[in-house]
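Since the structure comes first, as C-alpha cells, the remarks are kept for the end.
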Amino acid sequence: MAELFDTLSASQQEELKEHIQIHSYKKNELFYGEGEMPDTLYCLLQGKVKIFKEGASGRNQIMRVANAVEYFGYRAALAGEPFITAAAAFENSLVATMPLRLIKKYMDENPKVGLFFVRRLAIALGQSDERTVNLTQKHMNGRLAESLIFLRDNYGLEEDGCTLSLYLSREDLANLSNMTTANAIRTLSTFAKEKIVAIDGKKIKLIDMEALEKINRLG
C-alpha cells in the first residue's frame with residue numbers, strides 16, 4: 001500500500017487512514033459479483049484472489065489471479081459501470097478496503113493518483129490481451145502448459161524447486177486454462193505419463209521445464 005500513499009498529500013494520507021478497514025476472507029468467499037456496482041477499493045495484503053467470469057453453463061473462466069500486494073476492484077468504478085467479473089478468495093486472504101469515493105476525489109485533486117491507477121490498468125490490459133489470445137488460439141496441451149508456467153512465474157515454487165506453491169483444484173486449473181474439468185484432468189494425466197509433471201493430490205511438480213516451455217511455445 002505504500003506506493004499509493006506515496007502519491008497522496010499529507011492531508012489525503014491522514015484522511016484515507018481513517019477509512020481503511022482490514023478484513024479476512026475464507027477460501028472461495030466472494031468479494032463482489034457480476035452486475036454489482038463498485039464502491040470499494042480492495043488491496044490484497046495476504047493470500048490470493050481469483051478474478052473470474054461466470055459462464056452460462058455454470059463453468060467459470062478465471063481471467064487472472066491477484067497476488068499480494070495488489071489492488072483490485074477499481075476498473076469498473078473508473079469506467080462508471082457495474083462489475084463485469086466476480087472476485088473470490090483463492091485461499092484464506094487478508095484484505096484492506098477503502099471507499100472508492102475517496103480515491104476518485106484524490107484523482108480529481110492529485111494527478112499522481114490518477115497516473116498510479118492508469119499505469120496499473122495499462123499493465124493489466126496488456127497481460128489480459130496476451131492471455132486471451134493464447135487461451136483462444138492454443139490447443140489444450142498449450143493452454144495447460146501456459147497455465148502451469150503462469151502459476152510458476154507468479155507464485156513460485158516450494159523449497160524443492162519444482163512443486164507449485166499454489167495448490168489448485170482440478171476445476172480451478174481447468175477454469176484458468178479455459179477448458180472443461182474433464183479435459184484438464186485428461187491433459188494433466190498425459191503430462192504426468194510423459195513425465196513432464198508429477199501429481200500428488202492438489203500438488204503439481206514441474207519435472208521437465210524444458211518440455212513444458214516447448215509445449216507452451218508451440219501451442
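The values are calculated or read from the model by the stated rules, or taken from the named source; none is laboratory data. As the structure is a computational prediction, the values presented were derived from the model and not from experiment. Virtual Cβ from ideal backbone geometry, glycine too; neighbours counted across all protein chains shown.
Residue check: is Asp129 at pLDDT below 90 and among the charged types (D, E, K, R)?
yes
Mind listing just one residue for me: the one in the range 1-27 that is in a helix (DSSP H, G or I) and surrounded by 13 or more Cβ atoms within 10 Å (Cβ to Cβ) and, of those, modelled with the lowest pLDDT?
That would be Leu4.
Filter the range 59-118 down to the residues that are basic (Lys, Arg), part of a helix (DSSP H, G or I) and buried (at least 18 other Cβ atoms within 10 Å of the Cβ) and list them by number.
Scanning the range 59-118 gives a single hit, Arg75.
Go through (1) within 23 Å of Glu158 (Cα to Cα); (2) surrounded by 15 or more Cβ atoms within 10 Å (Cβ to Cβ) for Lys193 and report which single condition fails.
Unmet condition: (2).
Only residues in the range 99-111 that are more than 15 Å from Ser11 (Cα to Cα) count as the first member; pair them with residues that are of a type in the set (A, V, I, L, M, F, W, C) and in a helix (DSSP H, G or I), Cβ under 6 angstrom, at least 6 apart or cross-chain, and list the lot.
Leu100/Ala77
Before we move on, is Ile20 more than 18 Å from the chain's Cα centre (by Cα), outside the structural domain of Ser165 (by TED's automatic domain parsing) and of a type in the set (A, V, I, L, M, F, W, C)?
Answer is yes for this residue.
So, of the residues in the range 83-106 that are out of contact with any helix residue (DSSP H, G or I) (no Cβ under 6 Å at 6 or more places or on another chain) and not hydrophobic (A, V, I, L, M, F, W, C), which turns out to be nearest to Ile22 (Cα to Cα)?
Thr97
For the range 30-58, enumerate the residues that are buried (at least 19 other Cβ atoms within 10 Å of the Cβ), in a strand (DSSP E or B) and more than 12 Å from the chain's Cα centre (by Cα).
Across the range 30-58, the qualifying residues are Phe31, Tyr32, Leu41, Tyr42, Cys43.
Return yes or no: is Asn183 touching a residue at least 24 places away in the same chain (Cβ under 8 Å) and under 22 Å from Ala87 (Cα atoms)?
no
Filter the range 90-115 down to residues that are within 30 Å of Ser177 (Cα to Cα) and touching a Ser or Thr at 6+ places or on another chain (Cβ under 9 Å) and give me whichever is modelled with the lowest pLDDT.
Asn92
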